[in-house]
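S.K.: Can you keep this structure in mind? I'll have questions shortly.
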Number of protein chains: 2
Amino acid sequence: MTFINKLRSRWQNADTLLCVGLDPDPAKFPDAFIDDEDALFNFCRDIVDATAEFACAFKPQIAYFAAHNGGEAQLQRLIAHINGAHPNIPVVLDSKRGDIGSTAEQYAVEAFDRFGADAVTLNPYMGFDSAAPFLQRGDRGCVFLCHTSNPGARDFQELLVDGAPLYQHVARTIANEWNSDGNCALVVGATFPEELKIIRGIVGNMPLLIPGVGAQGGDVEAVVSNGKTSDGTGLMINSSRGILYASSSAGYADAAADAARELRDAINRWR
Amino acid sequence: MTFINKLRSRWQNADTLLCVGLDPDPAKFPDAFIDDEDALFNFCRDIVDATAEFACAFKPQIAYFAAHNGGEAQLQRLIAHINGAHPNIPVVLDSKRGDIGSTAEQYAVEAFDRFGADAVTLNPYMGFDSAAPFLQRGDRGCVFLCHTSNPGARDFQELLVDGAPLYQHVARTIANEWNSDGNCALVVGATFPEELKIIRGIVGNMPLLIPGVGAQGGDVEAVVSNGKTSDGTGLMINSSRGILYASSSAGYADAAADAARELRDAINRWR
């Protein structure tokens, strides 16, 4: 099944738009993981199993694995665990890759073949040929940065090009020119709800990955109201820290499940 | 010693502006590396040792390691080998990272602490706070994408903002606002020599990393003439495939050395 179909099925069948972000920071782990050589995997697996019921997608952030020797092997095990234990939930590898075509081919192997992700986040700055090796894998998803959640989103993404901000050109180019296989999605930060509304207007029913609720301050009502499609879906609303570190006690997995359930319900209230 | 000082010393002392790119593709390796589990490391080490005399920098491309299980450990060994055997030659890790601040901190650990690179390539699309964790490591270099060498560079980098292309805004912002510690550099493709001239005019003596001569078709004379600083330096002119795969026979290392010497000399002819 393609990424897009897997995601749409999950939205419908599990009644959730919540994406659980997996950003494992050992400094924030419960004490049980001290001296655990596989702590990245073991902690994330516990979070995954506790929150799967409430998740439309999982989004491991590769940087948190790549900061450690052997981290990639744990990431690989984690995605294999998700694919095995929760086969209906798509995995978006958050790695924001982007490079010339021959190099992009290697990155596509990294994300889709080595790690087994259903989709990958990508940076559009280098243009179409840097995206092509990913786009050509029509069964996998390509989630391009459009308007990000951080303050620096204003530095270049909002520069005016022919009277419209750059991020709108990015959205329009991807929707009109790069999405011929229907496997594109965009990253739009929850912290800029007005921009989210404009992007939804540009891209039709294209899925949007929304980081920035929780620790970064994005408002759930504004995100859902401005970002949903007419059938009340279209969004992967991500929370990482608010779920992963809901508790640092021995009850961390239950606390993560509670936080995931609450956010799923808060999202559904506005659909 | 800082990256920038190490690079400037190397330019002066070795009389070379050649950057040797390390993009190891096992499909192109000589037969001796079939069934070699450490082929990525062993092949690149041979190339490094054969070409060091002619190199102002080495640029391993992480994607070619990340496409393989265990690739990161070989990359780590490779950079450790360069730092040990060729301590005067800076290493630019080509990974084009870019993410929100908390994630960028993890990527800075990846590049500088785990892999021990002197500098890293970065994507500016997400703005200042995505760059800050790298910029704050003042002894390390931050090499930002500006105008890249691939055809897709035209898609967004050349969009006009207030009458000037986006890449010029990127160059100006980095030169004027991000470079307070003097540790910034830019990626400018050899395939766009006119744009290179304009960028040199914007950024003063800032080092420029120039991919795209050789396989991508960039012209050495145009690059040196348009890109050099007044003292005849300022450039890391990269060649990867033209050196790595100069020969697929048993004499691959000698052939790589010959190709590196020839390109160094061709560059120096126009300084």
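S.K.: Between their Cα atoms, which of B:Lys6/B:Lys96; A:Lys59/B:Lys28; A:Lys228/B:Lys96; B:Lys96/B:Lys228; B:Lys6/B:Lys28 are more than 26 Å away from each other?
M.R.: Table pairs above 26 Å Cα-Cα are A:Lys59/B:Lys28; A:Lys228/B:Lys96; B:Lys6/B:Lys28.
S.K.: Would you please give the residues with an amide H less than 5 Å from that of A:Gly21, counting only those at least 5 places away or on a separate chain, with H modeled from the backbone geometry?
M.R.: Sorted by chain and number, the residues that satisfy this are A:Lys59, A:Ser239, A:Ser240.
S.K.: Suppose every K and R has +1 on its Cβ and every D and E has -1 on its Cβ; what is the size of the dipole of chain A about the Cα centre, in Debye to the nearest 20?
M.R.: Result for chain A is approximately 700 debye, rounded to the nearest 20.
S.K.: Most mobile of B:Ile62, B:Ile79, B:Ile89 per a Gaussian network model of chain B (Cα springs, under 10 Å)?
M.R.: Of the options given, B:Ile62 has the highest mean-square fluctuation.
S.K.: Could you line up B:Cys184, A:Cys56 from fewest to most neighbouring Cβ atoms inside 10 Å?
M.R.: The order, fewest Cβ neighbours first, is B:Cys184, A:Cys56.
S.K.: For chain B, restrict the atom set to alpha-carbon positions and state the Rg and Dmax in Å.
M.R.: Rg and Dmax of chain B, Cα atoms, are 17.5, 56 Å.
S.K.: So, one more: What is the fewest-to-most order of B:Ser247, B:Ser239, B:Ser149 by other Cβ atoms lying within 10 Å of their Cβ?
M.R.: B:Ser247, B:Ser149, B:Ser239
S.K.: Considering the dipole of the stretch B:3-268 built from charges on the beta carbon (Lys and Arg +1, Asp and Glu -1) around the Cα centre, which of B:Ser180, B:Thr103, B:Ala222 is farthest to its positive end?
M.R.: B:Ser180
S.K.: Post the alpha-carbon centroid distance, the stretch A:219-259 to the stretch A:131-200, in whole angstrom.
M.R.: Going from one Cα centre to the other spans 22 Å.
Each value in this text was obtained by applying a stated rule to the coordinates, not by laboratory testing. Please read all numbers here as calculations on a predicted model, not as lab measurements. Using ideal geometry, Cβ is built from the backbone for each residue, glycine included, and neighbour counts are taken over all protein chains shown.
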